[in-house]
Structures are given as structure tokens and as C-alpha cells.
1. Once you list every other residue whose beta carbon is under 11 Å from the beta carbon of A227, what net charge do they have if Lys and Arg are +1 and Asp and Glu are -1?
2. Convex hull volume of the Cα atoms in the chain, per residue, in Å³?
3. Mind checking the per residue accessible area of the range 234-288 for me, 1.4 Å probe, whole number of Å²?
4. So, by mean Cβ neighbours within 10 angstrom, what's the order for 58-65, 116-123, 290-297 with the highest one leading?
5. Once a ≥ b ≥ c are taken as the square roots of the eigenvalues of the Cα gyration tensor of the range 255-309, is the result rounded (a/c under 1.5), prolate (a/b larger than b/c) or oblate (a/b not larger than b/c)?
6. With +1 assigned to the C-beta of every Lys and Arg and -1 to the C-beta of every Asp and Glu, and no other charges, what is the dipole magnitude of the chain about the Cα centre in debye, to the nearest 20?
7. So if each residue of separation counts as 0.36 nm, and I subtract the Cα-Cα distance between D18 and M86, what length gain in nm does that give?
8. Ignoring ligands, DNA and RNA, what percent of the 1.4 Å accessible area of the range 90-179 is carbon and sulfur?
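The values are calculated or read from the model by the stated rules, or taken from the named source; none is laboratory data. Everything quoted here is computed from the prediction, not taken from an experiment. Here Cβ is always computed from backbone atoms with ideal geometry, including for glycine, and neighbour counts include all displayed protein chains. For the accessible areas, the whole protein counts, side chains as well, though only heavy atoms, and no ligand, DNA or RNA atoms are used. Shrake-Rupley method; radii C 1.70, N 1.55, O 1.52, S 1.80 Å.
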Amino acid sequence: MEGDIKGYGIKCLRDEADALLDLIPMLDDNFEKAVKLIFNAKGRIVVTGVGKSGHIGAKIAATLASTGTPSFYVNPLDAYHGDLGMFTSEDVVIAISYSGNTDELLRFIPILLKRNIPIIGISGNPESLLGQYSDCHLNVRVKREACPLNLAPTSSTTATLAMGDALACALMKVRNFKAEDFAQFHPGGSLGRRLLSKVKDYMVTQELPTVSLDTKVSDAIIEISAAKLGIAVVVDSDYKIIGVVSDGDVRRAMHDCQNSFFDMKVSDIYNDTPKIIQGDSPMTQAEEIIKKNRIHSLIVSDKESKLVGIIDAISCIVNL
């Protein structure tokens, strides 16, 4: 093995990065037209391409589908053997061919035109047959491939993939697509789990540290220490939440009232405006409250303001 192997890799990355930057000046009104075609489509987005373009097309279809645009990939070769039945007149086709003259792709373009199915062409040649017969054409021309022989699709496939991502990102903004929407399409992933998890799924419900207003502070310390949640919840006889006593409240009282500390009751030091959340609330909301208020534990109540659990910061970190 000769030469600077690391240098070869760096050159490839630089060449592909330059190819992406070169796309920016070529982004014209056709891009906006393509986004509007996809956004207004009553059917689905069908992505098609042959060879490496097909692999890129499958990824673009997957990205669109996961960001709110119903999409799927079809190999043009399969389209001739029955898969054309998957197309409807309400669909929009994204056809990918870097040369714009791939025979297998062009052969079923007339069928799409006959059925009045809009075509978004992606190629490196606007003057190609694909470019000419597309309702809008996205130019992904590159100066050269990153391949040392300037033969293997490298910069061109990266440029095409990036153009697909640009379409998906623009559509997300147009649709006002939010993280919660993304989670609906990824319920099995960590993001989906994070956004769909409820407080009730992770809150502590057993041996909750509770005290009354008449409880001695010394006894409250025992409750706080035993539960290891940093707080004791002040409740009345019906288990309704009155307030909270934290280990910080205890330390401050010990510092400020040294002589009378052991004669003090919870009513002397408790916080009557505790942060409370309901069990059906999303864990992300609990996380926000804990971070914003710089607290270690958050009280969970039912609709009648009765104590049902406690969620702590560690649960938010581990489970989110």
C-alpha cells in the first residue's frame, strides 16, 4: 500500500463537500415548484431510479415517509411487470437519473405522461430527456466524481441524496412538522419513546415520603432520607397535596434557626406552592419543569390534587 491513505479519504470528503456547496447556486424556482407539487399531492410520492440512483431513491422515499409525506420506492424494472398498478393519477413521481437518459427509466415516462402524473426529475443534465419531460427539474450536476477515476457515482449520489433531504426539510417547514409528529412515525425508536412516554409510566408510587403540617422537622428529615428523593410531600388527611419540604428547606432552617430547630414543625418551613404534574402528562414536560426550576423531584397528582407519585430527575435522564 502506497501513498497517504488518510489523505485519500480527506480528499474524497472535501470533493463531496464542495459538490454539495455547488448545488446552492443551482437551486432555482423548480425547487419551490417541486415542494408545492409534493405538498399538494392528494396521493403518494413514488420515487424511482435504477442502480445507485435507485438506492438513493429508496432512502429519499424513506426520509419523506418518516417526515409526514406518504412515499415509497419503485424500481422501474419492476414497474413493467405489474408494479405500475401501484401508481394512481393523484400521485407525484420523483424520477432519478444522473445522466437523465437512463433507458430503463425513460421507457415508462410516456405511461406517466399519458396518465397525467406529475414528474419531478432529478438529474445532472437539465437538457436530458428526463429534464425535458419533467414538470420540474432539480439539477444535481457535479464538476467531477470524488472517485479517483471519475467513474464511480460518489459526488453525484451524495448530491442527489442531499437534494432529497432538502426537499424533506422544506416540506417539514411547510407542513409545520413537529417533533411530536416525528415520534408518531418512529414509535419504536428512542425519540418516539422519549416523546410518547407518560409520567405515570416512570413515577415512584410505593412508600412515598409524606408528612403533615404538624409533623416535627426532625421526623420529616427521616422521611426525606428514607425515600432518597430529596423531598417529603405535605398532605392532609385526604392525601391532598398541601406543599412540599425539601432537603434544602431543612438545611436552610437548620442554618437560620439553630437554637429552635428541633422544636420546629413542617408548617414552619414548608413550601406551599410546590411544582406538580399529572400522571398523564408527557415525560418531556416533567423534564422541562425539573430543568427550569432546578429541582430534583416533581410531585405527581391526580385530577383531585391527591398525591399519586413522584418523578425524579434521574428517571427523566435514564428514560428519556
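1. In short, -3.
2. Hull volume over Cα atoms, normalised by residue count, gives 225 Å³.
3. 59 Å²
4. Numbers: 58-65: 19.9, 116-123: 22.4, 290-297: 14.5.
Ranking the peptides 58-65, 116-123, 290-297 by packing returns 116-123, 58-65, 290-297.
5. Values: a/c = 4.21, a/b = 1.97, b/c = 2.13.
Oblate.
6. That gives a dipole near 580 debye.
7. Contour length minus Cα-Cα distance gives 20.7 nm.
8. Reported share for carbon and sulfur atoms: 55 percent.
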